[in-house]
Amino acid sequence: MIKCQHDTAVVVLSYNGKDLHQLFFPELIQEAQGKYDVVLIDNASTNDTAAYVREHFPSVQIVTIPVNHGFAHGYYEGLQQIDAKYYVLLSADFEITKNWFQPLHSLMQTHQDIAACQPKIKYYKDKTKFEYAGAGGGFIDKWGYLFCRGRIFFTIEEDHGQYNNTIETFWAGGGCMFVRAEVYHRLGGLDKDLYAHMEEVDMCWRMKNAGHRIAYCGSSTVYHIGGSVISYGSPQKIFYNYRNSLVLLLKNLPTSKVLWLLPFRLLLDGVSGLRAILKGDIKEVKAIIRAHWSFFMHFGMWYKKRKDTNKTVSTYSQSGIYKQSIIWEYFAKKKTLYTDLDWKTFEKQIN
């Protein structure tokens with residue numbers, strides 16, 4: 001068990017991430033002085049990543065995972081070995097900025113009901129823009145589709161300071177997530193069986209249903225390379241997108257809603273598959289079919305998780321849910337920017 005000197009452990013999950021650590025660890029460690037511990041979870045790397053970190057960054061403590069079972073499992077197993085009040089789950093392909101840590105830490109210290117929060121997440125390769133995963137805070141629509149301030153489907157906004165405030169959200173981006181360790185462990189942490197993609201949304205949803213809040217802190221900024229583990233648009237990414245979205249609905253919705261919404265989402269997935277056929281994108285069609293097959297083949301496991309999740313529900317949270325269809329708003333009504341939406345109906349300020 002790693003006992004941290006500070007109340008916060010910034011935990012970087014790594015698989016063969018030597019080049020990324022060489023690039024990003026110097027600033028991360030420099031900013032750590034007197035504020036947080038840096039811990040590397042080496043997720044069964046097949047190169048000399050761990051040895052390199054030990055030699056060049058001796059202040060970094062290392063947890064070794066013998067077998068790589070995916071992103072979520074790596075954190076699931078690794079965080080059990082780290083004793084801290086707060087964790088920051090930081091993906092290896094993130095660049096932090098000066099004074100990024102303090103606003104997030106202060107937010108968690110001031111608001112004890114916030115279980116997790118994220119900073120502003122921007123794109124490393126074009127630092128004027130938000131990044132796809134997390135951006136300016138995550139939300140969900142009435143059909144269970146995800147979107148962010150600064151990113152709706154294929155439209156990614158430039159940052160002009162329009163999202164510098166601190167608000168309550170539905171989910172926080174898992175690439176850089178500040179999380180209360182006690183709540184994390186009590187509610188089961190990241191679901192290791194999701195493997196990767198949307199595992200942070202599932203965890204945030206469970207936290208909200210257990211009576212906690214999720215937040216975005218616009219006074220802290222980090223930059224994300226993106227797609228360094230599972231590339232955007234790949235069949236693997238499409239598979240996890242479709243399968244895990246169904247799992248999220250099954251696990252976290254009230255019975256009265258899941259009974260009709262889950263079949264409806266399956267129907268919408270079929271429409272997406274038909275659109276892919278018309279485009280000639282056979283890889284996407286196959287990925288959707290595999291996703292549905294995997295969901296139903298393991299339905300018993302997912303349903304058991306639903307029963308376990310229900311034990312921690314205090315109320316099914318409606319906070320951060322957009323009451324319209326983001327698909328209809330975006331594709332039919334051409335509302336491509338977050339500010340085009342009726343955001344005042346679901347966005348709440350945090351003072």
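For D42, the conditions (1) touching a strand residue (DSSP E or B) at 6+ places or on another chain (Cβ under 9 Å); (2) buried (at least 22 other Cβ atoms within 10 Å of the Cβ); (3) touching a residue at least 40 places away in the same chain (Cβ under 8 Å) are fulfilled apart from (3).
For A133, state whether it is within 30 Å of L268 (Cα to Cα) and of a type outside the set (S, T, Y). Judged against the criteria, A133 is a match. Quick check on T8: is it in contact (Cβ under 8 Å) with a residue 60 or more places away in the chain and of a type in the set (S, T, Y)? Yes; evaluated as a whole, the condition is true for this residue. When Q80 is tested against the conditions (1) of a type outside the set (S, T, Y); (2) farther than 20 Å from Q30 by Cβ; (3) touching a strand residue (DSSP E or B) at 6+ places or on another chain (Cβ under 7 Å), the lone failure is (3).
Here segment 45-56 is the region considered, the condition is being free of Cβ contacts under 8 Å to residues at least 24 places away in the same chain and over 11 Å from S14 (Cα atoms), and the residue that is farthest from the chain's Cα centre (by Cα) is E55. Is it fair to say K237 is modelled with pLDDT under 95 and assigned to a helix (DSSP H, G or I)? Yes; evaluated as a whole, the condition is true for this residue. The residue of segment 136-177 that is surrounded by the fewest Cβ atoms within 10 Å (Cβ to Cβ), among those that are β-branched (V, I, T) and over 25 Å from L266 (Cβ atoms), is T155. Would you confirm, using the coordinates I've provided, whether I29 is under 20 Å from M177 (Cα atoms) and free of Cβ contacts under 8 Å to residues at least 24 places away in the same chain? The answer is no for I29.
In the set K286, K304, K311, K323, only one residue is surrounded by fewer than 14 Cβ atoms within 10 Å (Cβ to Cβ), at pLDDT 95 or above, among the basic types (K, R) and more than 17 Å from K251 (Cβ to Cβ); that residue is K323.
Return the residues of segment 179-224 that are within 25 Å of K122 (Cα to Cα), in contact with a Ser or Thr (Cβ under 9 Å, 6 or more places away or on another chain) and surrounded by fewer than 19 Cβ atoms within 10 Å (Cβ to Cβ); say none if nothing qualifies. Answer for segment 179-224, where residues must be within 25 Å of K122 (Cα to Cα), in contact with a Ser or Thr (Cβ under 9 Å, 6 or more places away or on another chain) and surrounded by fewer than 19 Cβ atoms within 10 Å (Cβ to Cβ): just S219.
Here the condition is being hydroxyl-bearing (S, T, Y) and either touching a Lys or Arg at 6+ places or on another chain (Cβ under 7 Å) or at positive phi (or both); of S314, S294, S272, it holds for S294 alone.
The values are calculated or read from the model by the stated rules, or taken from the named source; none is laboratory data. The shown structure was predicted, so the numbers you read here are calculated from the model rather than taken from an experiment. Positions of Cβ are backbone-derived with ideal geometry, glycine not excepted, and every protein chain shown enters the neighbour counts.
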